[in-house]
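Accompanying notes for the structure given below.
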Amino acid sequence: MTVPMSVASERRGKCELAFVVNGRRENIRVYPMERLLDVLRHELNLTGAKEGCGEGECGSCSILMNGELVNSCLVPALQAADAEITTIEGLAAESQLSALQSAFLECGGAQCGICTPGMILGARHLLNKNPEPNADEIREALSGNLCRCTGYAQIVEAVAQAARHRSSE
Amino acid sequence: MRSDPADYELIAPGKLQTVVQLLAEEPGKWLPIAGGTDIMVQYSAGKLPARKLVSIWNLPELRTVEISPNEITIGAACTYTQLREHNIIASEFPMLASAARWTGGIANQNRGTLGGNIVNASPAADSLPALLAYEAELILVSIRGERRVPYLGFHTGYKKMNLAPDELIRAIGLRRQFSGYLHYARKVGARNAQAISKVCVAALGRLRRHNGLDALGNMIEDVRIAVGSVAPIPIRLTDVERTVAGKSIEPELVQLARKAAAAAIQPIDDIRSTARYRAAVTGNFVAEFLQQLREQGKTA
């Protein structure tokens, strides 16, 4: 028996996506295979996550999904249903930068800035799992985030400084 | 050309049973998607032939590692991060934990899955030589029931595998029988992180137990050597294994094994490396493995 065209195409089209982004509940209609990166940037106007390579190699679209670092260019929107998402826009409280953001500024960890949001989310993910990482652990944790400006030394220093700052609090 | 999301269907039934029913209703029409680290790359490039996808990400049945006295079974949608962080995998199957560490960056490890690495069937997949060396078994599920097959023989040619259109890998089984073995895993890529292998190897070896000054203490009792990125599928170097099994590890034997390794593979020139380089590295890995095994015999 062949499925009538109308039934087959019924499942296509947009779906409801309910999730929490930077602490705010969102309810939007999206195509289920839309990339989470595009949903964040185009539907929610959160342009912090950047598109670099679009294939999971560069990390500039990194965000946290349920606390896990993911490349948002590789997440179909439907898989973010009910998830808690954190983007770079969610780190600062009002105009008060997070310790990590301040450390990136102070150490020269941001130059052109394209990699910075992903780099900081990668660092956040690391510090959540390992509050006192050594330099090798920082480098391994950020190995999926490419930077073409800094040479990485300032970034590693920034993460180390943020870790020291947090542990002395 | 980038794909238009309006052309694709994706559903998330949330239950393994429903996924399996769907695969049976329209065999070959539905593509299971877990963490998307391969599928979404093809999709973004406009190269994904499937139009209907079914999400198996976060299905609890596929995310657990079950431990029994003789075996561990790893749910097919367990991520590399899970493999890296699991105590028993790290201590008893360290080559699999290493492969998980080598695969992509942290963001990819949080989404990429062991089952995905198997069905994506890249000749360069880092976890597959470890599965060959540990003689893993795959537990395949369909509406017809479950079957268990050795991973060896599952891949039959480039991107070809013994998986029926209505079947899904549910879990990967590993027997807990490798204490006392040397677990040797190495990868060569363009850089340490986030690079696809030029050659990757996983080898297991055990020497005959020492009895005081027994001259046979240096003799190889059991050995398995598997290599990726040197043939259309990851392969066991059975000729090399036969060459060295039962022998004592002397420089001549190492040379013989190195030559046998180069003869047993079918490497190609491609964007990542050359056939010549791959053959040389494979031989060096085999030689280094045997030397380390000999050293282990001295200290045992």
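Since every read-out is calculated from the coordinates, none of them should be taken as a lab result. It should be emphasised that the depicted structure is a prediction, and the values quoted were computed from it without experimental measurement. Here Cβ is always computed from backbone atoms with ideal geometry, including for glycine, and neighbour counts include all displayed protein chains.
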Inset, instruction - For each of A:C112, A:C58, count neighbouring Cβ atoms within 10 Å of the residue's Cβ, then give the residues from fewest to most. - result: A:C112, A:C58
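Beyond 36 Å, what percent of the Cα pairs of chain B remain?
Details: 8698 of 44850 pairs.
Tail fraction, whole percent: 19.
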Inset, instruction - Any chance you could check the Cα centroid distance between segment B:146-163 and segment A:72-95 for me, in angstrom? - result: 37
Legend entry - Mean residue ellipticity (222 nm) of chain B, computed from DSSP H runs ≥ 4 via -39,500 (n - 2.57), nearest 500: -9500 deg cm²/dmol
Inset, instruction - Tell me which residues come under 5 Å, amide H to amide H, from B:L53 once H is placed; ignore anything under 5 positions away on its chain. - result: B:E9, B:L10, B:I11, B:L31
Legend entry - Sequence of A:F19, B:F93 once ranked by neighbouring C-beta atoms within 10 Å, starting from the fewest: A:F19, B:F93
Inset, instruction - Under a cut-off of 19 Å between alpha-carbon atoms, report the lysines in cross-link reach of B:K247, not counting same-chain residues fewer than 8 places apart. - result: B:K259, B:K298
Legend entry - Alpha-carbon centroid distance for the pair segment B:1-43 / segment A:103-141, whole angstrom: 34
Inset, instruction - Please report A:C61, A:C107 as a ranked list, fewest other C-beta atoms within 10 angstrom at the top and most at the bottom. - result: A:C107, A:C61
Inset, instruction - Under 1.5 on a/c is rounded, so check that first for segment B:127-285, then, if it is not, pick prolate when a/b is larger than b/c and oblate when it is not; a ≥ b ≥ c are the square roots of the alpha carbon gyration tensor eigenvalues. - result: oblate
Inset, instruction - Show me B:149-158, B:238-247 ranked by packing, highest mean number of other Cβ atoms within 10 Å first. - result: B:238-247, B:149-158
Legend entry - Cβ-defined net charge surrounding A:L64, 14 Å radius [Lys, Arg +1; Asp, Glu -1]: 0
Legend entry - Integer Hz, Karplus 6.51/-1.76/1.60 couplings in order for segment B:109-126, x for Gly and Pro: 5, 6, 10, x, 10, 5, x, x, 4, 6, 6, 5, 6, 6, x, 9, 4, 6
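Take every Cα pair under 8 Å in segment B:5-55 that's 6+ residues apart, average their separations, divide by the length, and report that relative contact order as a whole percent.
Values: 46 pairs, mean separation 28.5, N = 51.
Computed value for segment B:5-55: 56 percent relative contact order.
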Inset, instruction - Find out how many positive minus negative residues lie around A:N145, taking Lys and Arg as positive, Asp and Glu as negative, among other residues whose Cβ is under 13 Å from that of A:N145. - result: +2
Inset, instruction - Just the number, please: percent antiparallel of the DSSP beta bridges in chain A, rounded to the nearest 5. - result: 90
Inset, instruction - Under 17 Å Cα to Cα from B:K47, which lysines show up? Leave out anything in the same chain fewer than 8 places away. - result: B:K29, B:K159
Legend entry - Cα long-axis angle, helix A:153-168 against chain A (0 to 90 degrees, to the nearest 10): 80
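Shielding by partners for A:31-42, please: the mean number of other protein chain Cβ atoms within 10 Å of each residue's Cβ. Mind showing how you got there, number by number?
On the way: counts 7, 8, 16, 5, 7, 2, 1, 2, 1, 0, 0, 0.
Average per residue, whole number: 4.
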Legend entry - Net charge, B:V201 excluded, C-beta distance under 14 Å - Lys, Arg +1, Asp, Glu -1: +4
Legend entry - C-alpha center-to-center spacing [segment B:241-300, segment B:52-80] in angstrom: 34
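Given axes a ≥ b ≥ c from the Cα gyration tensor, I'd like to know whether segment A:82-169 is rounded (a/c under 1.5), prolate (a/b larger than b/c) or oblate.
Rounded.
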Legend entry - Three-way shape label, the protein assembly as shown, alpha-carbon gyration tensor, a/c 1.5: oblate
